[in-house]
Structure formats: C-alpha cells, structure tokens
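Step one of this worksheet: look at the structure below.
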Amino acid sequence: AQSVSQHNHHVILSEAASLELGCNYSYGGTVNLFWYVQYPGQHLQLLLKYFSGDPLVKGIKGFEAEFIKSKFSFNLRKPSVQWSDTAEYFCAVNKDDYKLSFGAGTTVTVRA
Amino acid sequence: KAGVTQTPRYLIKTRGQQVTLSCSPISGHRSVSWYQQTPGQGLQFLFEYFSETQRNKGNFPGRFSGRQFSNSRSEMNVSTLELGDSALYLCASTGTGFSGANVLTFGAGSRLTVL
C-alpha cells in the first residue's frame, strides 16, 4: 500500500541544536510534498511545500526541506531550534487526487 | 481574511447517536476537505468536495457522510456513533485543488467525544 513514513516518533533536543526529521513516501511518479506543524493547542499550519523546481525549499520560521526524488524522501531541517519549535510535525503527500496522505507525525520537544 | 471556521468546537455524544459538524471555508475557496485525527491512527482523509460534488472519499464506513452547499460551506455527519469515532475532525479548504498557489488551510477542528 502507498504510504508516508516519518522516521522518528519523538525527538527531544536542546535549544540551538540542529533538527532533521525524516520523511519517506512510497508513491511513484509526480507528487506534491508538504510539511505541516501543529503547535500545542493550535491548528495545523503549513511550514513549507514542494511542487516542482528547486528541490531545496524554504519555509516559515527558518525551516527548509530537501526533496530527493531518487530516495523518495522529503526531509525537514532547521539549523538551530528554539523552545517555540516544540510541536508536532507532519509530512504529507498529494498524488493529484484531491487529498493529502499524512505521515504519523513526529513530536519535537525543545528543552530550554 | 477569516480562516476556516468549524462548529461546534467541542461536543460530547453517546454511542448510537448521530452528529453533524459544520465547516465554513475561507472566502472564495471552493474545495473543502475533512480529516479525522486520532492518537492511534493519526490524520486520515475522509472526503473532499468541490462545487457540491464529492471528488474523493477515504476508507471510512458509510456511517460517515458529507455534503457541500452552494456557498461552499460543508457539513459532515456521523451516524450510529461508536466509541472509536472519538477524534478531532478537521476541515480544510483551498481554492480549487492542489497547485503551487493552492494549499490546504486547516480549521481548528471539532473535538468529538463519544461516551
């Protein structure tokens, strides 16, 4: 079955540490890729998206992601996290079928 | 510009009852999608509507239904509620679908508890 896999369920790190969250998908062909974030008590917000072009995309709050087609991956990175980055992060894939397929999510806890 | 508005925000029902949730998309958005979020299953797609037509449906039983009105507002209904239907139900809207300029904007959700 086609799926979206996020490698880590829970990541704990200190402020100023670097963050990388893995995301792999199993869909063939052209896909649209997204990272969403859900801060505590808030609704899902779009961090960044990839539709075409430069495989390195930049999003809000200093986040970036790299699309590697050969690896079916779309990993999220941030060079230096802040306490306010504590949230749940979701990778999602759209395969031109009017829906998003989400990964299970990664909870990121940043310790001050 | 107002966001996606979902009502009610919280509700408690008992098994066997039915529930109707409402969603008002961002003004001008014509596509409305619904997702179920639970700790065990994560975010799962329920259905998507555009111009009152369902374009895609997720893998949920027939107890889950939806509709869209001519003003793009949408409702979803769950009949014969089960304990496992307890979840956060999220509505999202976009212009027409998915493209570089159109992405899903989510509402705050309706949290349903089934007792």
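Within region A:43-57, the residues that satisfy the criterion of being surrounded by 11 or more Cβ atoms within 10 Å (Cβ to Cβ) and of a type outside the set (A, V, I, L, M, F, W, C) are A:His43, A:Gln45, A:Lys49, A:Tyr50, A:Pro55. Residues in region B:23-71 that are small (Gly, Ala, Ser) and within 13 Å of the chain's Cα centre (by Cα) were compared, and the one that is farthest from B:Tyr89 (Cα to Cα) is B:Ser31.
Please verify whether B:Ser51 is over 26 Å from B:Thr14 (Cβ atoms), within 14 Å of chain A (Cβ to nearest Cβ) and not aromatic (Phe, Trp, Tyr), treating the condition exactly as stated. Reasoning before the result, please.
Values: over 26 Å from B:Thr14 (Cβ atoms): yes; within 14 Å of chain A (Cβ to nearest Cβ): yes; not aromatic (Phe, Trp, Tyr): yes.
So B:Ser51 fits the description; yes.
For region B:52-73, the set of residues classified as open to solvent by less than 50 Å² (accessible area, probe 1.4 Å) and charged (D, E, K, R) consists of B:Arg63 only. The residue that is modelled with the highest pLDDT, counting only those in region B:92-104 that are out of contact with any Lys or Arg (no Cβ under 9 Å at 6 or more places or on another chain) and surrounded by fewer than 19 Cβ atoms within 10 Å (Cβ to Cβ), is B:Asn102. Taking the numbered list (1) in contact (Cβ under 8 Å) with a residue 24 or more places away in the chain; (2) in a strand (DSSP E or B); (3) farther than 16 Å from A:Tyr98 by Cα; (4) out of contact with any Lys or Arg (no Cβ under 6 Å at 6 or more places or on another chain) in turn, B:Ser65 passes all entries but (1).
Filter region B:21-48 down to the residues that are part of a strand (DSSP E or B) and open to solvent by 40 Å² or more (accessible area, probe 1.4 Å), then identify the one that is nearest to the other protein chains (Cβ to nearest Cβ). The selected residue is B:Gln44.
Filtering A:Val37, A:Val81 for residues that are closer than 29 Å to B:Val4 by Cβ, buried (at least 20 other Cβ atoms within 10 Å of the Cβ) and either facing chain B (nearest Cβ under 10 Å) or under 11 Å from the mean Cα position of the chain (by Cα) (or both) leaves a single hit, A:Val37. Can you tell me which residues in region A:74-111 are more than 16 Å from A:Glu64 (Cα to Cα) and in a loop (DSSP other than H, G, I, E, B)? Within region A:74-111, A:Thr86, A:Lys95, A:Asp96, A:Asp97, A:Tyr98, A:Lys99, A:Leu100, A:Gly103, A:Ala104, A:Gly105 qualify.
The values are calculated or read from the model by the stated rules, or taken from the named source; none is laboratory data. Just so you know, these numbers come straight off a predicted model, no measurement behind them. Heads up, the Cβs are rebuilt from the backbone with ideal geometry, glycines too, and the neighbour counts pull from every protein chain shown. The protein model used for the area step is the full one, side chains on, heavy atoms only, and it has no ligands, DNA or RNA in it. Shrake-Rupley method; radii C 1.70, N 1.55, O 1.52, S 1.80 Å.
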